[in-house]
Amino acid sequence: MVRVMTSYRAVAVIVLAVVVGVVPVPAAWIEQIYSREVYLVGQQILTSLSSLFSVALLDVMAVLGLLGFIYWWVRALRANDQESRVCIVAKMCLNTMATVAVLYLIFMVLWGFNYRREPLVTKLDYDATRISPARLLDFSRNTVERLNRLHGMASSTGWPTFAELPDRFGPAFGVVQRRLGGSRTAVVGRPKNTLLSPYFERAGIDGMVSPFSLEVLVNHTVLPYERPFLVAHEWAHLAGYANEAEASFVGVLTCLAGDAQSQYSAWLFLVPQLVRHLSQEDRADVYARLHDGPRQHLREISDRLNKSVPFVRRNASRAYDRFLRANRVTSGIASYGLVVNLLMGTSGSDVWKGLIRRDDMISRALGENDV
C-alpha cells in the first residue's frame, strides 16, 4: 500500500497554507511580536548553528530533498497495490501539494513574515521633501568625491576575504541595529560558497540568505571590493529586513560604521544607484569626476555582470519579481532601487549621527550640514 498522508490531512494543510498566504495580519503585530522578538530569537539560534559548518546547509537540504522526492515517487509508482495507477498518481499529486504547503508554512515561520512587517520609513525621521533633483546631483557628486578620497586608503592593504568579514566589521552591524531601535539584535552569518554559484554567476545574482537555515550564500565571483557591502546587505536580511531597499540601506549604514574598505565598498555600490536617476548630462558630469581607481573598479564590476547569461538573468529577475509581489512587496524587483529614496529621505535622521562623526564628508554627501 502506498504510504501517503490521508486526504483530509493533506487538504487541511493546503487550506492552512492558503489562509496564511492571503489573510491579512496587522503590520504592527508582525513588527512587535514576530520581527523584533520571535524571529530574532530563532535567527540567533539557527544562524549560530549554521555558521559552525563550512558547507552550505541549504545545499545539503536541497540535494537530500530532491533525492528523497524522486525516491518517494518512484517507490509509490512501483508499489504492488491493487489501486489503479491513476489513483496512485492523484494521491501523490495531492500529497506533493501538501508537502509544498508544509514547506511554505515553515518558510513563513522562519523568515517569510518579515515581508509583512512595518516599513522602515515609519520608524525613521523620513521626509520625502528632502528628495529633489538638485540634492540628488549634489549627493552624487559628493559620493564620487568620497569614493576618490577613500580609494588610496582602502587599496593600501589587501581586501578581506569572505571569512574575515564577520570579525572585521561584525560589531558595526550591531551598532546599526541598535541605532535603528532594536533592543534584540541579529547575529552575523558566515558567508559561504554554494552549489548555486554557477547559477548565481549566470543569473547576475551576488548572494542570498537561505530562509530555511538563515545562512548567507555568496557568489564566489564577486570582486574583493564588492564583498563588504554584499555581506552587509545579506546580514540586513538576516536581521529581518526583507525589503531589498531596506536591506541595502542597512547595509550602507553598516559599511559606513566600519573601516575604510567597508566604507569604500558602500560608496562604490551607491554610485550606479544614484546616477541612474540623473539626466544624461548630469550623469556624464558625475562620471567625469571619478578618478582612475574607482572608475576601473566600476568597469570591472560591469564586466563581471556582463558575463551573466541574458536569458538566465531575465528569467531569474522575473521569477524573483513574482516572488516579491507574492510576498506583498508591491514594487517587486524595483524595490532594489528605492534605497536612494531611503538615504536621501532620512538624511536628517538621528540614525546617521552615530555613524558620521568620524568624517564630515558623509554629512556633506547627504547634503545636510546639521546631521
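The values are calculated or read from the model by the stated rules, or taken from the named source; none is laboratory data. For clarity, every value in this text was computed on a predicted model and none was experimentally measured. As a convention, Cβ positions derive from the backbone with ideal geometry for all residues, glycine included, and neighbour counts pool all protein chains shown. Just the protein is used for accessible areas: all its heavy atoms, side chains included, with ligands, DNA and RNA removed. Shrake-Rupley method; radii C 1.70, N 1.55, O 1.52, S 1.80 Å.
Looking at segment 250-270, is at least one residue within 11 Å of the chain's Cα centre (by Cα), surrounded by 22 or more Cβ atoms within 10 Å (Cβ to Cβ) and either at pLDDT below 95 or not in a strand (DSSP E or B) (or both)?
Checked against the condition, which is being within 11 Å of the chain's Cα centre (by Cα), surrounded by 22 or more Cβ atoms within 10 Å (Cβ to Cβ) and either at pLDDT below 95 or not in a strand (DSSP E or B) (or both), segment 250-270 yields at least one hit.
Scanning for something at pLDDT 95 or above, touching a strand residue (DSSP E or B) at 6+ places or on another chain (Cβ under 8 Å), among the aromatic types (Phe, Trp, Tyr) and within 26 Å of residue 190 (Cα to Cα), does segment 209-232 turn up at least one residue?
There is no residue in segment 209-232 that is at pLDDT 95 or above, touching a strand residue (DSSP E or B) at 6+ places or on another chain (Cβ under 8 Å), among the aromatic types (Phe, Trp, Tyr) and within 26 Å of residue 190 (Cα to Cα).
Exactly one condition in (1) crowded, with 24+ Cβ neighbours inside 10 Å; (2) without any contact (Cβ under 8 Å) to a residue 60 or more places away in the chain is not met by residue 235; state its number.
Residue 235 satisfies all of (1) crowded, with 24+ Cβ neighbours inside 10 Å; (2) without any contact (Cβ under 8 Å) to a residue 60 or more places away in the chain except (2).
Within segment 271-286, which residues are in contact with a helix residue (DSSP H, G or I) (Cβ under 7 Å, 6 or more places away or on another chain), open to solvent by 10 Å² or more (accessible area, probe 1.4 Å) and hydrophobic (A, V, I, L, M, F, W, C)?
278
Residue-by-condition table, conditions (1) in a loop (DSSP other than H, G, I, E, B); (2) within 29 Å of residue 56 (Cβ to Cβ); (3) touching an Asp or Glu at 6+ places or on another chain (Cβ under 8 Å); (4) in contact (Cβ under 8 Å) with a residue 12 or more places away in the chain:
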position	(1), (2), (3), (4)
142	no, no, no, yes
159	yes, yes, no, yes
164	no, yes, no, no
171	no, yes, no, no
176	no, yes, no, yes
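Tell me which residues, restricted to segment 240-249, are outside any helix (DSSP H, G or I) and open to solvent by less than 10 Å² (accessible area, probe 1.4 Å).
240, 242
Residues are listed down the side, and each one gets a yes or a no for (1) modelled with pLDDT of 95 or more; (2) at negative phi; (3) of a type in the set (Gly, Ala, Ser):
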position	(1), (2), (3)
64	yes, yes, no
70	no, yes, no
76	no, yes, yes
80	no, yes, no
85	no, yes, no
89	no, yes, no
92	no, yes, no
96	no, yes, no
106	yes, yes, no
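Residue-wise test of (1) open to solvent by 20 Å² or more (accessible area, probe 1.4 Å); (2) within 13 Å of the chain's Cα centre (by Cα); (3) under 16 Å from residue 55 (Cβ atoms).
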position	(1), (2), (3)
169	no, no, no
175	yes, no, no
180	no, no, no
189	no, yes, yes
194	no, no, yes
217	no, yes, yes
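From the residues in segment 84-121 that are in a helix (DSSP H, G or I) and among the aromatic types (Phe, Trp, Tyr), which one is most open to solvent (accessible area, probe 1.4 Å)? Outline the logic, then answer.
Filtering segment 84-121 for residues in a helix (DSSP H, G or I) gives 85-110, 112-116, 120-121.
Subsequent filtering for residues that are among the aromatic types (Phe, Trp, Tyr) retains 104, 107, 113, 115.
Values: 104: 67, 107: 20, 113: 42, 115: 27 Å².
Out of the qualifying residues, it is 104.
Out of the residues in segment 271-297 that are outside any helix (DSSP H, G or I) and at pLDDT below 90, which is farthest from residue 341 (Cα to Cα)?
279
Which one is nearest to residue 45 (Cα to Cα), of the residues in segment 196-207 that are within 18 Å of the chain's Cα centre (by Cα) and without any contact (Cβ under 8 Å) to a residue 40 or more places away in the chain?
Residue satisfying both the conditions and the ranking: 207.
Does segment 122-138 hold any residues that are assigned to a helix (DSSP H, G or I) and either surrounded by fewer than 18 Cβ atoms within 10 Å (Cβ to Cβ) or in contact with a helix residue (DSSP H, G or I) (Cβ under 6 Å, 6 or more places away or on another chain) (or both), and which are they?
Within segment 122-138, 122, 123, 128, 129, 130, 133, 134, 135, 137, 138 qualify.
Within segment 61-73, is there a residue that is loosely packed, with under 15 Cβ neighbours inside 10 Å and under 30 Å from residue 245 (Cα atoms)?
Looking for residues that are loosely packed, with under 15 Cβ neighbours inside 10 Å and under 30 Å from residue 245 (Cα atoms), one finds at least one in segment 61-73, hence yes.
Residue-by-condition table, conditions (1) open to solvent by 60 Å² or more (accessible area, probe 1.4 Å); (2) farther than 26 Å from residue 97 by Cα; (3) not in a loop (DSSP other than H, G, I, E, B):
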{"residue": "14", "(1), (2), (3)": "no, no, yes"}
{"residue": "20", "(1), (2), (3)": "no, no, yes"}
{"residue": "36", "(1), (2), (3)": "no, yes, yes"}
{"residue": "45", "(1), (2), (3)": "yes, yes, yes"}
